[in-house]
Amino acid sequence: MTKIVTTSVFSILLSAVILSGNNVEGFISLFNGKDLSGWETTGNWLPQKDGSLLIKPKPDQKGWQRYSDYLISEQKFSDFILELEYKYPPKGNSGVFFRIGDPKNPVQTGIECQILDSLGKADDKMGHHDHGGIIKTIGPKTNMSKKAGEWNHMVVNCQGHHLRVALNGIEIINHWMDSPTEDKKLTGDGDKPLSGHIGLQDHGTPNNIYFRNIRIQKL
């Protein structure tokens, strides 16, 4: 059966960002395609010849609690539109962090939008830890995951406590972070800073994740 989803002005406009090429008015590139200028990390992040960026954890780099190996922007951002593309291997796991208060502890002081190979999972089974979900806060409205090895396109819009996320052209999150969580078992992120660093997660071997076209527009 064909999945029917409802688009919004937000998702239509922001999905067009990727179609406009690299010179999008108002956006600045966070990754120059050559080196890690503007970022801090001790992890094995490798710029590729095609301008993408690969996180390739070494054999002894296991687990996700090696925070210094995350890729963290030197600059802080408050209200913004962040967009990026990424592709993961089968069962791949990573995350997009934003408004990180303390780079030494991005998980506890930032907000994470989950990257996870969730292909095939029913919409009504998608939770906060599935692809596009906001960890400890809310799951995506629909499963927009592409197959492993295909590029996904994510757009994150933060304005005050209002958070919206579009994945592959469809809005999947529209949530006020200072409102109660739908699941009372979740703690929510309403107490997180309204300004902070951008981050990409090193989830440990064997999560080889590619990123590209990482850029941001301040609002």
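We did not get these values from a lab; they are worked out from the coordinates using the rules stated. All figures in this text were calculated on a predicted structure; none of them were measured in a lab. Using ideal geometry, Cβ is built from the backbone for each residue, glycine included, and neighbour counts are taken over all protein chains shown.
Assorted remarks:
- Quarter of Cα convex hull surface for the stretch 62-219, i.e. mean projection, nm²: 8.3
- The chain, helix-only ellipticity at 222 nm - DSSP H runs n ≥ 4, -39,500 (n - 2.57), divided by all residues, nearest 500: -1000 deg cm²/dmol
- Taking the Cα centre of the stretch 28-218 as origin and assigning +1 to Lys and Arg Cβ atoms and -1 to Asp and Glu Cβ atoms, the resulting dipole is close to 340 debye.
- All lysines inside 26 Å of K192 as judged from Cα atoms, apart from same-chain residues fewer than 8 positions distant: K76, K104, K136, K141, K184, K218
- The alpha carbons of the stretch 41-100 give a radius of gyration and a Dmax of 12.9, 37 Å, in that order.
- A cut-off of 5 Å between modelled amide H atoms, ignoring neighbours fewer than 5 places along the same chain, links G92 with D117.
- Of all beta bridges that DSSP places with both ends in the stretch 136-219, some 100 percent have antiparallel geometry.
- Within the chain, longest stretch free of exposed GluC sites (Glu not before Pro) [DSSP loop, at most 15 other beta carbons within 10 Å]: 26-149
- Relative contact order of the chain, taken over Cα pairs closer than 8 Å and 6 or more residues apart, is 32 percent.
- Charge sum, other residues only, whose C-beta stays under 14 Å from D117's C-beta, Lys/Arg counted +1 and Asp/Glu -1: +3
- Charge dipole of the chain about the Cα centre (unit charges at C-beta), most positive-ward option of I111, T181, G139: G139
- Karplus (6.51, -1.76, 1.60) ³J(HN,Hα), θ = phi - 60°, over the stretch 104-111, in Hz, Gly and Pro reported as x: 6, 8, x, 5, 8, 10, x, 10
- The HN-Hα couplings worked out from phi for the stretch 51-58 by the Karplus form 6.51 cos²θ - 1.76 cosθ + 1.60 (θ = phi - 60°) are x, 8, 10, 10, 9, 10, x, 6 Hz, whole numbers, x standing for Gly and Pro.
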